[in-house]
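Reviewing the structure listed below.
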Amino acid sequence: MGTFVVNTEQEQKQMLAAAGKSSFDALFATVPDSVKIDHLNLPEGMSELETAARMEGMAAQNTVYRQIFRGAGAYHHYIPAVVKRVTGKEEFLTAYTPYQAEISQGVLQSIFEYQTMICELTGLDCANASVYDGATAAAEAVKMCVEKKRTKILVAQTAQPETVSVIRTYAFGKDDPVQMIAEKDGVLDPEALKAALAEDSACLFVQQPNYYGNLEDMDAIAAMVKEAGAKLVMGCNPVSLGLLKTPGAYGADIACGEGQPLGLPLGFGGPYLGFMACTEKMMRKLPGRIIGETKDHDGNKAYVLTLQAREQHIRREKAGSNICSNEALCALTAAVYLSAMGPEGLKEVAKQCSSKAHYLQKVLAEAGLQARDAKPFFHEFVTVSETPSSKILEALREKGILGGLPLNEKEILWCATELNTRQAMDEVAEIVKEVRA
Amino acid sequence: MKTVFEWGAPGRRCTILPALDVEEQLPEAPLRDAAPRLPEMSETEVSRHYTELAGQVFGVNNGFYPLGSCTMKYNPSVNEEMARLPGFTGVHPLQEDETVQGCLSVLRTAEEYLCEVTGMDAVTFQPAAGAHGEFTGLLLIKSYHTERGDLKRTKMIVPDSAHGTNPATATMCGYDVVNLASGADGLVDLEALRAAVGEDTAGLMLTNPNTCGLFEKDILEITKIIHEAGGLVYYDGANLNGIIGVARPGDMGFDCVHMNLHKTFSTPHGGGGPGSGPVGCKEFLAKYLPGHRVTGDTGALRRERAEQCLGDMRAFDGNFLVVVRALTYLLMLGKEGLPEISKNAVLNANYMMSQLKDVYPMAFDDNVYHEFVITMEQSVKRGGVSAMDIAKTLLDHGMHPPTMYFPLIVHEALMVEPTETESKETLDEVIRVMKEIHEEAQRDPESIKASPKKAPIGRPDEVTAARNPIIRYRFGEETN
């Protein structure tokens, strides 16, 4: 069996004696016999070598594609080597939440810098230290907007379905009403939004680019939401913010999103990174940890967990959120990624994503898969055809390529990033042509 | 230390990407006016900056870390290797089931182990942390009452010794919190509990061993009282390390539990996360579980929604790579290794307490499990040193302090959880240091109150930080 217990049996006996306990049973004397178990019905433990072989065997049962054209909320990007090396440092990996500021300045400063970078990307004043993922960030964000007389949460139908589901689950807790705003031609239907906005509207959650990759007419949407006195919550892809107009510039009250594209692997869905930023006015409603700069008694610069009066460990049942552990190491990862890429590098990733997606859309159209929506888009788009989606995807799979996400048997949601080469995109188009022939 | 924004110079960069191999095409939408003010750095500088920061971080690998209720045990290296296998990291969460059989095997196997360890029938891995698991567990309870049309159950009972996430979670689920005062013995007061329950009781949230480090010996009576009132009982798994392999929440009458893979199951805390907070439940609640259940036979596993799935707690199916680490640990330890955890965690705590209790007053000095609570209340009343002072002095000795000022029902608390992965000589050294600090505190309390003296910074001014929040770098051009 494997173990990480340090002390030998002999030492354990000495310690039992020193503690005045006759046996291990004596340590558990207050556990009623009726709930004690005499053994676990599990396999015997293994050495590290055997365990590693078993885990590697499981990993080998997965298909790792050589080219991935699927996004839909999880994006395949290049992760610079320095990001992996830095975030693998054992000090960062094995530290707890920085409650003891005096010996945690490194982790506190890294999060302070991360918060700054999120403010820069989103064009907003304040950011928190992270929440679990993009979907929970959206759910927490809309919750920040609910007020006594404004309780209704409006959500664009064009948002990622997982995000919508999480918003609904969080709302179920407090029985807050959620109203979906219909889609039209791949974007939010402005007429439906106009009809829905009312005096009881807390906010609108809208995703930019939306689930279908399309870019919403944010200026018009923002104007309508503001006029109705509701808050605007924008879900964003952080890579796209290297290029696109920021939520702050659109007048959003809160921006949130999935930080996974910033240096985190696909990893079958997690761990990922929920980022959140807001206006200064809403700062004290932000959930989770926030790092602030202050001084120690000698006047040295110091970073601390701050604005803690918002949080569960102080406010208990009056706290706005129960979040405690967050995704600190993922926030560090994003910060290292953004440091390595710099403003030009991030812009270049965004540019390559956009350019390649437009190229892919063109060659797929030539192969007979037409774009469904005639809308501006970033790095995802939907095709429509009479050829069954499953047939196309199966043919790609045989060649080691993960095609787009089938929305149904006619429509496929494609994604391209800097990792997709022109050659691979031409190959996809060829395969599609063959399938359709 | 310089901030990352003070490193580098305009035009410096890492060369990461190849030239674009298709025609440039920007999105046909408004673009940002100005580039984000991200640092412009060479790779040398990126590496140096973060290495400097890492030098001012204290992890489990740096030294003793007895944070009560946090279970800061050693994080095995093999876990990290497994979590970095390309066969796990390179898998898209929306791949077809037949192409992710390995990932589904990981979830299925981890579910089997965790069901056995907790005495539950089903597990969801969707919750990303402990508090997220609490939220999930309480939503299971809410779904149960809601489906039965039992809508009068609006109250959640939470002992006053509970972690702050418990009452906060109850509120997020729309429940009114009933704070249950603990007895003088640090345990649930059965009479108070009987008086608190009624037709409006939705449930009880309980940690066992509790935050005083004590096992609720009347646990069967406690769960019976709640069940007879029509409520359900939720187990907060924060302290599972104290009883793993010896007793199971499922046998104590709990209906659902959350576990912290980043505590009991050895996955790293990463400076505050990512964790993983899987939730286990009895069969009658399994139909409400969020996310997907893994069903089918080996080789043909698939993801399916539970019959009356309550929705999703987050996108996709949880912090998967954290589950990989935890499963590695579970497989290694197996049936004999898992009970060794709690036995040695409890032994280490009892050993430490036995050597310290003549010097430091204990809130409860017998029958403690994996952690014990020191109270500095008398010292403070005499004008002596506080729990904070002791904690800050430990920093000068290269040790992470215990959890301070928790549980709230013990004044001037220091909650010590050594875990099973510390050696006798480490514990002996800590005992020696703590006795030395005690002596100094009698002799020269002012010196202790002025600590830390050797840490990179002195005690920070938290009041100013909260009053005039500076929560992002100012780039020089703004004034406070």
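The values are calculated or read from the model by the stated rules, or taken from the named source; none is laboratory data. The structure presented is a predicted model; accordingly, all values stated were derived computationally and were not measured. Here Cβ is always computed from backbone atoms with ideal geometry, including for glycine, and neighbour counts include all displayed protein chains. Surface accessibility is based on the protein's heavy atoms, side chains included, excluding ligands, DNA and RNA. Shrake-Rupley method; radii C 1.70, N 1.55, O 1.52, S 1.80 Å.
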- Query: Going by accessible area, probe 1.4 Å, with all protein chains left in place, what is the ranking of A:Glu398, A:Glu258, B:Glu283, largest first?
  - Reply: A:Glu398, B:Glu283, A:Glu258
- Item | Unit charges on C-beta of K, R, D, E only; dipole of chain A, Debye | 680
- Dipole magnitude (debye, nearest 20) for region A:81-336, charges at Cβ of Lys, Arg, Asp, Glu: 540
- Distance from region B:329-358 to region A:96-147 (C-alpha centre basis), Å: 35
- Query: For region B:4-41 and region A:1-74, what is the separation of their C-alpha centers, rounded to whole Å?
  - Reply: 46
- Query: When Cβ neighbours within 10 Å are restricted to other protein chains, what is their mean count per residue of peptide A:108-116?
  - Reply: 6
- Task: Using per-residue counts of other Cβ atoms within 10 Å, averaged over each peptide, order B:182-193, B:126-137, A:301-312 from highest down.
- Result: B:126-137, A:301-312, B:182-193
- Message: Can you sort A:Thr8, B:Thr71 by solvent-accessible area, 1.4 Å probe, largest first?
- Response: A:Thr8, B:Thr71
- Query: For the pair B:Arg148 and A:Ala374, how long in nm is the line joining their label points, each one 7 Å along Cα→Cβ?
  - Reply: 5.8
- Cα-derived Rg over Rh, computed across region A:1-41 with Rh taken as Kirkwood radius: 1.04
- Message: At 1.002 mPa s and 20 °C, plugging the Kirkwood radius over alpha-carbon pairs of chain B into Stokes-Einstein gives what diffusion coefficient in µm²/s?
- Response: 86
- Task: Count the DSSP beta bridges whose two residues both fall in chain A, then state the antiparallel fraction as a percent rounded to the nearest 5.
- Result: 55
- Note on the structure: Placing +1 on each Lys and Arg Cβ and -1 on each Asp and Glu Cβ in region B:78-332, then taking the dipole about the Cα centre, the residue among B:Gly272, B:Ser105, B:Asn210 whose Cα reaches farthest towards the positive end is B:Gly272
- Task: Holding the Cα-Cα limit at 25 Å, pick out from A:Lys351/A:Lys391; A:Lys362/A:Lys391; A:Lys143/A:Lys356; A:Lys347/A:Lys399; A:Lys184/A:Lys226 the pairs that are longer than that.
- Result: A:Lys351/A:Lys391; A:Lys143/A:Lys356; A:Lys347/A:Lys399
- Message: Suppose R0 equals 25 Å. What FRET efficiency, 1/(1 + (r/R0)^6) with r the Cβ-Cβ distance, do A:Glu409 and B:Asp97 give to the nearest 0.05?
- Response: 0.90
- Remind me, relative contact order of chain A in percent, using alpha carbon pairs under 8 angstrom and six or more residues apart? 20
- Item | Per-residue mean of C-beta atoms belonging to partner chains within 10 Å, peptide B:37-50 | 6
- The answer for A:Leu407, listing residues at least 5 apart or on another chain whose modeled amide H is closer than 5 Å to its amide H, is A:Ile412, A:Leu413
- Dipole size in debye (nearest 20) for chain B around its Cα centre, Lys and Arg Cβ +1, Asp and Glu Cβ -1? 540
- Item | Residue-normalised accessible area of region B:78-332, expressed per residue, 1.4 Å probe, Å² | 24
- Item | Cys with no candidate disulfide partner in chain A (beta-carbon separation under 4.7 Å rule) | A:Cys119, A:Cys126, A:Cys236, A:Cys256, A:Cys278, A:Cys324, A:Cys330, A:Cys353, A:Cys415
- Ordering of A:353-359, A:374-380, B:439-445 by burial proxy (mean other Cβ atoms within 10 Å per residue, highest first): A:353-359, A:374-380, B:439-445
- Message: For region B:140-194 and region A:306-341, what is the centre-to-centre distance using only Cα atoms, to the nearest Å?
- Response: 26
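Over all residues in A:285-292, what is the mean tally of Cβ atoms on other chains that come within 10 Å of each residue's Cβ? Provide the component values of the computation, followed by the final result.
Values: counts 0, 1, 0, 3, 2, 4, 4, 10.
What the average comes to for A:285-292 is 3.
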- Task: Place +1 on the Cβ of every Lys and Arg and -1 on the Cβ of every Asp and Glu in the protein assembly as shown, take the dipole about the Cα centre, and give the residue among A:Leu360, B:Ser423, B:Met376 whose Cα lies farthest towards its positive end.
- Result: A:Leu360
- Item | Calculated diffusion of the protein assembly as shown, Stokes-Einstein form, Kirkwood radius summed over Cα pairs, 37 °C and 0.692 mPa s, µm²/s | 117
- Only helical DSSP H runs with n ≥ 4 go in: add -39500 (n - 2.57) per run for chain B, normalise by residue count and round the 222 nm mean residue ellipticity to 500 deg cm²/dmol. -11000 deg cm²/dmol
- Using a Förster distance of 56 Å, the FRET efficiency for A:Ala17-B:Arg474 (Cβ separation, nearest 0.05): 0.40
